[in-house]
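The values are calculated or read from the model by the stated rules, or taken from the named source; none is laboratory data. Keep in mind that this is a model prediction, so the values were computed, not measured. Because the Cβ atoms are built from the backbone with ideal geometry, glycine has one as well, and the counts that use them run over all protein chains shown. Calculation scope for accessible area: heavy atoms of the full protein, side chains included, ligands and nucleic acids excluded. Shrake-Rupley method; radii C 1.70, N 1.55, O 1.52, S 1.80 Å.
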Amino acid sequence: MKSTCPSVLSSLLGLALAWTGFNSTAAPAADAQSGVALKLLAEGFVSPLNLVPLPLPDSPGSLLVADQVGTIQVLKPDGNLSQDLFLDLRPRMVTVNQGFDERGLLGLALHPKFTANRKLYVFYSAPRRSDRGTNVDCTSTVSEFKVAAGSPGHVDMSSERVLLQIDKPQMNHNCGRILFGPDGFLYIGTGDGGGANDNEQGHAPQGNGQDTTTLLAKLLRIDVDHGTAYGIPSDNPFADGKKGRPEIYAYGLRNPWGISFDRGGKHELFAVDVGQNLFEELNIIVKGGNYGWRLREGFHAFDPQNPNTPPENGPRTDASGQPLLDQVAEYRHPARNKLDPTQLQGISVTGGYVYRGQALPELQGKYVFADWSRTWALPDGVFFTASRSGEGAQAKWKLDQLPVATTTGAKLNAYIVALGEDSAGELYVLTNGRNSLTGQTGKVFKMVAKP
Ligand SMILES: [Ca+2]
């Protein structure tokens, strides 16, 4: 989610505004005949970031919608939104800014055996711990909760079991997307800690992405069913703890804002990665993979001292000799901050899903995702598809724009903050009308066939 914010937070984040021009290699916009539309399901949110199916015995098809500001509500299949909260995490969170903020309630996942054990997991930004210095901004926290016995619409607040706490140096690049894999383990995405270029206070000399002794800038994998707080899957790449933190599954990620398993095919693990100033990524993650940040951004070398000019030559292996793995697709930011409408461009990738539902046959097998907004100041989120063009986790995928209007024909005119998926594989779009945590312009749409 978000990351480069040239006009507003440039001083805070230390971003350079001098955009360098490259000949674009992105695919041109295509497929003007798309039959995909967005049906409004619910509104009045601030910034809804998570949507997951809630298997309620008396109300099949219910969904949980989690708002970044710390609240979770039940959305019934008839479109009714519960007014009493399923979970209210606000008392345990940092106070989020009224303006732009990347902290908050960022991840939600139900235990694979939720129906039997009523357990769910959240990733949220808690305040700095009392024994930490002021160089820590907040505490990324992964906790387990249980739904109250006999009250399936409410979480028992006294049931919190804290699994993981990570000191965060800056307020941005939290990631916090969590999900259970087909293996039953919990996958947790973490950002590089924030600031810009993975090169500020609280970042390792080589960057947190390349530091396997920190849990920042990683994809983690833990076993919530064993151990004291959690167990370590025995085949995690650093399971013995000698060369890195045992929780690490993959590394070299900047802010993987969107992680999903393909529910079909080979159940591959997809993770986008939000770029610094130039390139956005779609990755297929393999266990132990190093995805390059901050040695690389997209298909290009990266220099944190000169982030707008990719070096001609950069390392292709990391400090331990591991290859730096390329993503399967990239798209670029508008050169010199000027959008070229004929090009596939954006500034902050929002991850999605390989479509395996029934309603939209034209999307079958494609990875459907979005860009948050093609400009920082105005709501201009756009949709993309990625199509496999070869075999293997490193085969390149083809990107196309996916024209999508609402079912009323109106333009979306929103920041696309997240996508969601229901138990049938149908997709949902979560938006915020603003680039801040103010107002109630957040909406939830379902992707449907064009009427
Ligand atoms: Ca990368």
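Filtered by the rule that a residue be within 15 Å of residue 212 (Cα to Cα) and within 15 Å of the ligand (Cβ to nearest atom), the stretch 310-319 gives 317, 318. For residue 254, indicate whether it is basic (Lys, Arg), within 15 Å of the ligand (Cβ to nearest atom) and either assigned to a loop (DSSP other than H, G, I, E, B) or at negative phi (or both). Here the answer is yes, as residue 254 does meet what is asked.
Please verify whether residue 392 is within 16 Å of the ligand (Cβ to nearest atom) and either closer than 26 Å to residue 190 by Cβ or more than 20 Å from the chain's Cα centre (by Cα) (or both), treating the condition exactly as stated. No. Residue count for the stretch 320-340 under the criterion of being over 20 Å from residue 274 (Cα atoms) and within 16 Å of the ligand (Cβ to nearest atom): the result is 2.
Checked across the stretch 261-279, the condition of being basic (Lys, Arg), buried (at least 17 other Cβ atoms within 10 Å of the Cβ) and out of contact with any Lys or Arg (no Cβ under 8 Å at 6 or more places or on another chain) holds for no residue.
Report whether or not residue 307 is open to solvent by less than 20 Å² (accessible area, probe 1.4 Å), in a loop (DSSP other than H, G, I, E, B) and more than 11 Å from the ligand (Cβ to nearest atom). Yes: the conditions hold for residue 307.
Results for (1) closer than 16 Å to residue 238 by Cα; (2) in contact (Cβ under 8 Å) with a residue 12 or more places away in the chain, shown as yes or no for each residue.
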{"position": "180", "(1), (2)": "no, yes"}
{"position": "198", "(1), (2)": "no, yes"}
{"position": "204", "(1), (2)": "no, no"}
{"position": "212", "(1), (2)": "yes, yes"}
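When the strands (runs of 3 or more DSSP E) confined to the stretch 318-423 are screened for residues that are surrounded by fewer than 17 Cβ atoms within 10 Å (Cβ to Cβ) and touching a Cys at 6+ places or on another chain (Cβ under 9 Å), none reaches at least 3 such residues.
Only one entry of 201, 206, 165 meets the criterion of being open to solvent by 30 Å² or more (accessible area, probe 1.4 Å) and either in a helix (DSSP H, G or I) or within 16 Å of the ligand (Cβ to nearest atom) (or both), and that entry is 206. Look at residue 132 and say whether it is more than 22 Å from residue 417 (Cβ to Cβ) and of a type in the set (Lys, Arg). The answer is yes for residue 132.
Among the residues of the stretch 168-183, those that are open to solvent by less than 20 Å² (accessible area, probe 1.4 Å) and either assigned to a strand (DSSP E or B) or over 15 Å from residue 127 (Cα atoms) (or both) comprise 168, 173, 175, 176, 178, 181. Could you list, in sequence order, the residues of the stretch 209-226 that are open to solvent by 60 Å² or more (accessible area, probe 1.4 Å) and over 23 Å from residue 294 (Cα atoms)? Answer for the stretch 209-226, where residues must be open to solvent by 60 Å² or more (accessible area, probe 1.4 Å) and over 23 Å from residue 294 (Cα atoms): 225, 226. Scanning the stretch 424-451 for residues that are on the phi < 0 side of the Ramachandran plot and part of a loop (DSSP other than H, G, I, E, B) yields a count of 12.
Would you point out the residue of the stretch 290-304, among those that are more than 10 Å from the ligand (Cβ to nearest atom) and touching a residue at least 12 places away in the same chain (Cβ under 8 Å), that is surrounded by the fewest Cβ atoms within 10 Å (Cβ to Cβ)? Applying the filter and picking the extreme gives 304.
One line per residue, one yes/no per condition, for (1) within 13 Å of the ligand (Cβ to nearest atom); (2) closer than 20 Å to residue 174 by Cα; (3) not in a strand (DSSP E or B):
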| position | (1), (2), (3) |
| --- | --- |
| 216 | no, yes, yes |
| 225 | no, no, yes |
| 229 | no, no, yes |
| 238 | no, no, yes |
| 249 | no, yes, no |
| 270 | no, yes, no |
| 281 | yes, yes, no |
| 287 | no, no, yes |
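Restricted to the stretch 46-155, the set of strands (runs of 3 or more DSSP E) holding at least 1 residues that are surrounded by 20 or more Cβ atoms within 10 Å (Cβ to Cβ) and more than 21 Å from the chain's Cα centre (by Cα) comprises 59-67, 71-75, 138-147.
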